[in-house]
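Student: Please find one structure pasted underneath; my questions will follow.
The values are calculated or read from the model by the stated rules, or taken from the named source; none is laboratory data. Given the structure is predicted, the values throughout are model-derived calculations rather than measurements. No Cβ is skipped: glycine too gets one built from the backbone with ideal geometry, and neighbour counts run over all protein chains shown.
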Amino acid sequence: MSFISSAYAQTAGGPAGGDMMTTLVLFGGMAVFMYFMMIRPQMKRQKETKAMLEALKVGDEVVSAGGIVGKIVKVSEAYITLEIASGTQIVVQRPAITTLLPKGTIKSI
């Protein structure tokens, strides 16, 4: 009397042709979904940010990455000088500017 049941081998081969096609379509669909939901919007935001940074000029009111609100008084290739209070100026890197505010925002704060 044996307590161990017999083991049977599976048939040779692999997934059937239809199963393989379904898997490929599923992975392809996931790749397209990821592109339209994650990659494309990120690329669009990067393009908008780059255009905003290139268009900065003296007199614009901006917010820096650290949350500092100021008016641009000098623009160079890599740095921007902000006036954050009357007679107080700071220099920040151009990529540190995160938001361009509408004119008059600083006076209304």
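Student: Looking at segment 59-68, is at least one residue over 18 Å from the mean Cα position of the chain (by Cα) and free of Cβ contacts under 8 Å to residues at least 12 places away in the same chain?
Tutor: Within segment 59-68 (the criterion being over 18 Å from the mean Cα position of the chain (by Cα) and free of Cβ contacts under 8 Å to residues at least 12 places away in the same chain), the answer is yes, since at least one residue qualifies.
Student: If you scan segment 69-106, which residues turn out to be more than 25 Å from the chain's Cα centre (by Cα) and basic (K, R)?
Tutor: Correct list: K71, K74, K103.
Student: Write out, first by first residue and then by second, each pair whose Cβ atoms fall under 8 Å of each other, whose residues are 6+ apart or on separate chains, and whose first residue, in segment 88-109, is under 14 Å from E61 (Cβ atoms) while the second is in a helix (DSSP H, G or I) and not hydroxyl-bearing (S, T, Y).
Tutor: I97/M52; I97/L53; L100/M52
Student: Cβ-Cβ below 9 Å, separation at least six or inter-chain, first residue in segment 18-31 and without any contact (Cβ under 8 Å) to a residue 60 or more places away in the chain, second outside any helix (DSSP H, G or I): which pairs?
Tutor: Pairs that qualify, where the first residue is without any contact (Cβ under 8 Å) to a residue 60 or more places away in the chain and the partner is outside any helix (DSSP H, G or I), are M20/G14; T23/P15.
Student: Just the residues that are surrounded by 10 or more Cβ atoms within 10 Å (Cβ to Cβ) and in a helix (DSSP H, G or I), please, taken from segment 49-68.
Tutor: T49, K50, M52, L53, listed by residue number.
Table: residues versus (1) of a type in the set (G, A, S); (2) modelled with pLDDT of 95 or more; (3) more than 30 Å from V91 (Cα to Cα).
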| residue | (1), (2), (3) |
| --- | --- |
| A12 | yes, no, yes |
| M20 | no, no, yes |
| G70 | yes, yes, no |
| K74 | no, yes, no |
